[in-house]
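Report on the structure given below.
The values are calculated or read from the model by the stated rules, or taken from the named source; none is laboratory data. Since this is a predicted model, take the numbers as computed values, not measurements. When we count neighbours, we look across all protein chains shown, and the Cβ atoms used for this are built from the backbone with ideal geometry, even at glycine. When the accessible area is computed, the model is the full protein with side chains, heavy atoms only, and any ligands, DNA or RNA have been set aside. Shrake-Rupley method; radii C 1.70, N 1.55, O 1.52, S 1.80 Å.
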Amino acid sequence: MKIGICNDHAGVEYKFRLIKYLKGKGFEVVNFGTDSVESCDYADFAHPLARAVENGEVDKGIAICGTGNGMAITLNKHCGIRAGLAWNTAVARLVKGHNDANILVMPARFVSYRMAVGMVREWLNAGFEGGRHARRIEKIPVR
C-alpha cells in the first residue's frame, strides 16, 4: 500500500518519524510535506496530497499540522476526499469505521508522538463499517 503524507512546519518532526515507522511496516510512503520548520502555508501541501489520493497515485493519506484544522478544511474541499481529524485512537478508528476517511489528519501541537503512532495504527487497521454509515456518506455532495 502506498501512503501519502503531508505537513506544514508544525508537523515536520512527526512526519519524519512516521515515515520511518510506516516504511518499517512495509508501506511505501510519498512525502508531500515541507521538510523545514520555517513557517509555511498548510494548503501548499494539502492540495498535492488530496490530488494524489483523488487520482489514485496513493491509496491513503496522512496530514499533520498544528491543530489539524487547516489541513482538514483544505483537504475536504477536494472531490472524493474524506479527511478525518483525530486526536486520540478511538476517534482515529471511528473516522475510518464511520466516515471511511481516506486521509487521517492529526494535530501535532496537541498529541504526543506516541499517540500519533497509535492513531495511524488504529486508522490503518480499521475497516469501514458500511450500513447506516454508507447511507450518510452518500449524502455528502460531490462537485
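Compared with the rule-of-thumb size 2.2 N^0.38 Å for a compact globular protein, the range 75-143 has a Cα radius of gyration ratio of 1.12. Summing Cβ point charges (Lys, Arg +1; Asp, Glu -1) relative to the Cα centre of the chain gives a dipole of roughly 560 debye. Sequence-ordered 3J(HN,Hα) estimates for the range 133-139 from the Karplus curve with 6.51, -1.76 and 1.60 and θ = phi - 60° stand at 6, 4, 4, 5, 5, 4, 7 Hz, glycine and proline given as x.
Taking trypsin sites (Lys or Arg not before Pro) across the range 53-118, the ones in a DSSP loop with at most 16 further Cβ atoms lying within 10 angstrom of their Cβ are K77, R109.
Using the rule -39500 (n - 2.57) for each DSSP H run of four or more residues, divided by the residues of the chain, the 222 nm mean residue ellipticity is -12500 deg cm²/dmol.
Along the range 101-114 the Karplus relation, 6.51 cos²θ - 1.76 cosθ + 1.60 evaluated at θ = phi - 60°, assigns HN-Hα couplings of 4, 9, 9, 9, 10, 10, x, 4, 7, 10, 9, 6, 4, 4 Hz to successive residues, with x for each Gly and Pro. Calculated accessible area for the chain comes out at 51 Å² per residue, all protein chains present (probe 1.4 Å; ligands, DNA, RNA ignored). Which residue, chosen from H47, G70, V142, occupies the Cα position most advanced towards the positive end of the dipole of the range 18-143, where the dipole is computed from +1 (Lys, Arg) and -1 (Asp, Glu) charges on Cβ about the Cα centre? With unit charges placed on the Cβ atoms, the residue in question is V142. Here the relative contact order of the range 1-129, from alpha carbon pairs under 8 Å that lie six or more residues apart, stands at 25 percent. For GluC sites (Glu not before Pro), the sites in the range 5-54 that DSSP calls loop and that have at most 11 other Cβ atoms within 10 Å are E38. The portion of the accessible surface of the range 30-143 made up by carbon and sulfur, rounded to a whole percent, is 50 (1.4 Å probe; DNA, RNA and ligands excluded).
When Rg and the Kirkwood radius Rh are both evaluated on Cα atoms of the range 38-114, their ratio Rg/Rh stands at 0.95. Taking the Cα atoms of the chain, the ratio Rg/Rh between the radius of gyration and the Kirkwood radius comes to 0.94. The Cα atoms of the range 1-53 define a convex hull whose projected area, averaged across directions, is 3.3 nm².
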